[in-house]
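Just below is one structure, and these are the notes that go with it.
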Amino acid sequence: MSLLIKHGTIVTAVDQYVGDVFVEGEKVSTIGTALDIPADRVIDAAGKYLFPGGIDVHTHLDMPFGGTNSADDFESGTIAAAHGGTTSIVDFAIQFRGQTLHDAWETWMKKAEGKAAIDYGFHMIMTEVNDRIELEMDALVRQGITSFKLFMAYPGVFMLDDASIFKALMRTGRNGGTICMHAENGGVIDVLTKKALSEGKTAPKYHALTRPARAEAEATHRAIALAEIADVPIYIVHLSAAEALEMVTEARDRGVPAFAETCPQYLFLSYDNYEEPGFEGAKYVMSPPLRPKDTQDRLWRGLAFNDLQAISTDHCPFCMKEQKTLGEHDFSKIPNGAPGIETRMSLVYDGGVRTGRISLNRFVELTSTSPAKIFGLFPRKGTIAPGSDADIVVFDPEKRVRLSVTTLHMNVDYNPYEGREVVGAAETVISRGKVVVDGGQFVGRAGAGSFLKRSTRM
Ligand code: URP
Ligand code: ZN
Ligand code: ZN
């Protein structure tokens, strides 16, 4: 199978030029102007951008959480991702206490195999650290699971103490893995949650009011300090608070290899959403929570000036019906998470590039190149270059789309951006040389995605 994509504006993290891309099999073969090569299919991309496929390094498909499972499995979630211009995900496998990392990996491989429509890798969530687990970390790194998520929140479920965190960090100094940190002070949040509930404060907004920005900043500072002592890099996931960003900026200014991502929900939604009437605020119950509106500008500046290196989604959808309602009378029982795997590229293009907050190159860097580099996928993924996987998005910068649960493809009964109009959308999406979305229609195949064996950090 070969493809010739003609007259597109090719955009990478560093270049922007009009050209033709010839794809042979799964790889980009040749880039040039006026290429005249016979191909099985020719796509006219005049007036369109050609972006490297989006890479979403933070998704939770088919994940057990809070007594239920996230509503998208690897089939519906990856198809929705493809519609939005994402061609690779890194999802989170979970090692529950007493389990081996290997068992957890096998469980998540089974969830994805035969279902994923785009390529997928895994981070490993670890809920305990001991000698056996440390040895297993090394084995996992060799098998291409090169990053581990640890939690400083959710006591009794996911939370680790500082000694365990420090041991895991030290281990990555030897095996080349990367620790991804959920940075919120779980002890503080636990006390505030119990106090709120004892005062009869049960509405969704108390989820946010019991998770102060300073609790995120404290944990972010502590996580970076522990990594600095262990002399290893660290990656802070789903950073939401300006106070936490200050901790990352301060460390980076001192030359500490601290990296962080934020997510569209923190750039486009705010605490005000929790004040929506009735139980509507549950749509936005996620951790860390949405922050005051003025935080958004701070995060955009962080993205523009490289204090934040990636935009991922933390896609973790739960339906309002029968899932979010588990916490109808107690906000602490609302499953944490929201959908976003499909809307990331359009939202960030519309709200970032079109407004002039970030350049087109920076858009590509934040949504594809930099996540690929940090998580051991570059240059196979994250760019358009001869020899790279032909993961290419033909993106129409003029297309107007009204985001709505009625037209999006995620398997969830609401959308946090319902009714919002965005300009700029994926039109045709190519995953390893195969067209998977054609003029907005999914034409790929569940099971066509491959496991991504990732390298250690560069
Ligand atoms: O609320 C969230 N973020 N749910 C997913 C789990 C996590 O902590 O990333
Ligand atoms: Zn988290
Ligand atoms: Zn998450």
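The values are calculated or read from the model by the stated rules, or taken from the named source; none is laboratory data. Quick caveat, the model's predicted, so the values are computed rather than measured. Glycine gets a Cβ as well: all are built from the backbone with ideal geometry, and neighbour counts include every protein chain shown. Calculation scope for accessible area: heavy atoms of the full protein, side chains included, ligands and nucleic acids excluded. Shrake-Rupley method; radii C 1.70, N 1.55, O 1.52, S 1.80 Å.
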Convert 10 °C to kelvin, take the viscosity as 1.306 mPa s, use the Kirkwood radius over C-alpha pairs of region 327-458 as Rh, and evaluate the Stokes-Einstein diffusion coefficient in µm²/s, rounded to a whole number.
94 µm²/s
So the carbon and sulfur contribution to the accessible area of region 101-242, 1.4 Å probe, in percent, is 56 percent
Using every alpha carbon pair in region 1-43, what percent of pairs falls into each 10 Å bin from 0 up to the bin containing the largest distance?
31, 55, 13
In the chain, what percentage of the DSSP-assigned beta bridges are antiparallel, given to the nearest 5?
45 percent
How many angstrom lie between the Cα centre of region 65-88 and the Cα centre of region 1-38?
29 Å
Here the averaged projected area of region 45-199, based on the convex hull of its alpha-carbon atoms and given in nm², is 12.1 nm²
Can you give the local net charge around Ile229? Use residues other than it whose beta-carbon is closer than 11 angstrom to its beta-carbon, Lys and Arg +1, Asp and Glu -1.
-2
Determine the calculated [θ] at 222 nm for the chain from helices alone, applying -39500 (n - 2.57) to every DSSP H run no shorter than 4 residues and normalising by the residue count; nearest 500 deg cm²/dmol.
-8000 deg cm²/dmol
Protection-proxy order for peptides 320-331, 388-399, 62-73, each taking the mean of Cβ atoms within 10 Å per residue, highest first
388-399, 62-73, 320-331
If you take every residue apart from Gly144 with its C-beta less than 11 Å away from the C-beta of Gly144, what net charge results, scoring Lys and Arg +1 and Asp and Glu -1?
+3
In bins 10 Å wide, starting from 0, what share of all Cα pairs of region 200-284 does each bin hold, as a percent?
17, 41, 25, 14, 3
For region 330-458, what % of the accessible area comes from carbon and sulfur atoms, probe 1.4 Å?
46 percent
Are there any GluC sites (Glu not before Pro) in region 163-248 that are in a DSSP loop and have at most 11 other Cβ atoms within 10 Å? List them by number.
Glu199
May I ask you to derive the FRET efficiency for Asn361 and Arg132 from their Cβ-Cβ distance with R0 = 41 Å, giving the value to the nearest 0.05?
0.35
Collect residues whose amide H, placed 1.01 Å from N in the peptide plane, falls under 5 Å from the amide H of Gly66; neighbours closer than 5 in sequence don't count.
none
If amide H atoms are built 1.01 Å from N in the plane of the peptide, which residues on other chains or at least 5 residues away come under 5 Å of the amide H of Val437?
Val429, Val443
At q = 0.13, 0.14, 0.16, 0.20 Å⁻¹, the log10 of I(q)/I(0) for region 145-296 from a Debye sum over equal Cα scatterers comes to -0.60, -0.68, -0.86, -1.21
Starting from the exponent 0.38 and prefactor 2.2 Å, build the expected Rg for region 1-107 from its residue count and divide its actual Cα Rg by it.
1.48
Packing-ranked peptide list from 310-318, 255-263, highest mean Cβ count within 10 angstrom first, is 310-318, 255-263
Suppose all protein chains stay in the model; what accessible area per residue would a 1.4 Å probe give for the chain, in Å²?
35 Å²
What pairs from Lys110/Lys453; Lys115/Lys434; Lys194/Lys321; Lys27/Lys434; Lys194/Lys293 go past 21 Å between their alpha carbons?
Lys194/Lys321; Lys194/Lys293
Note down the magnitude of the dipole of region 298-451 about its Cα centre, charges +1 on Lys and Arg C-beta and -1 on Asp and Glu C-beta and zero elsewhere, to the nearest 20 debye.
360 debye
Run the Debye formula on the Cα coordinates of the chain, all scatterers equal and no solvent, and tell me log10 I(q)/I(0) at q = 0.11 1/Å.
-0.82
Excluding Gly187 itself, calculate the net charge of residues whose Cβ lies under 15 Å from the Cβ of Gly187, where each Lys or Arg counts +1 and each Asp or Glu counts -1.
-1
